[in-house]
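The values are calculated or read from the model by the stated rules, or taken from the named source; none is laboratory data. Quick caveat: nothing in here was measured; it's all calculated off a predicted structure. Reconstructed Cβ throughout: ideal geometry from the backbone, glycine too, with neighbour counts over all protein chains shown. Only protein heavy atoms, including side chains, enter the accessible area calculation; ligands, DNA and RNA are left aside. Shrake-Rupley method; radii C 1.70, N 1.55, O 1.52, S 1.80 Å.
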Amino acid sequence: ADARDTDRMKIRVEVRGLPAQLQLNEEYEATCVVVNRLTEPRNLQLQWRMNDMPPGVLAAGKIYTNIGKVAGRSRTNIKQKFYAQQTGMWQLTGCAVVELDTDEEWVMPNLLDVVVAK
């Protein structure tokens with residue numbers, strides 16, 4: 001699966017600003033764009049689930065972010081740090097969005113392909 005699969009999702013996440021090649025043992029900041037394609041507002045939480053992330057690239061710092069109400073047919077930007085901890089080619093997985101009022105969740109497929117180099 002890859003990020004194109006999120007085109008059909010009602011809630012989706014896009015990661016912007018993370019280079020395609022990361023340096024080993026470096027931290028990077030990117031923007032997670034959380035998109036609500038539904039017509040009604042949703043009370044959302046962005047989650048990075050460490051057990052579902054690749055060993056080469058992990059979310060750093062805050063891994064659960066309460067976004068709050070995101071209006072229908074709108075988007076919001078969340079800053080997220082990532083840490084490159086193992087060389088190789090990796091798919092950025094482990095991201096989910098939870099609707100806090102209903103416990104509905106949307107698990108994102110691979111969001112990006114990245115290379116971690118020395």
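Of note:
- Heavy-atom accessible surface of the chain, averaged per residue, reaches 53 Å², computed with a 1.4 Å probe.
- The residues neighbouring V33, those whose beta-carbon lies less than 10 Å from its own, together hold a net charge of +2 under the Lys/Arg +1, Asp/Glu -1 convention.
- Zero-based 10 Å bins, Cα pair distances in the chain, whole percents: 14, 48, 29, 8, 0
- Listed residue (M9, N77, L44) projecting farthest to the positive dipole end of the chain, Cβ model: N77
- Given +1 at the Cβ of Lys and Arg, -1 at the Cβ of Asp and Glu and no other charges, the dipole of the chain around its Cα centre is 320 debye to the nearest 20.
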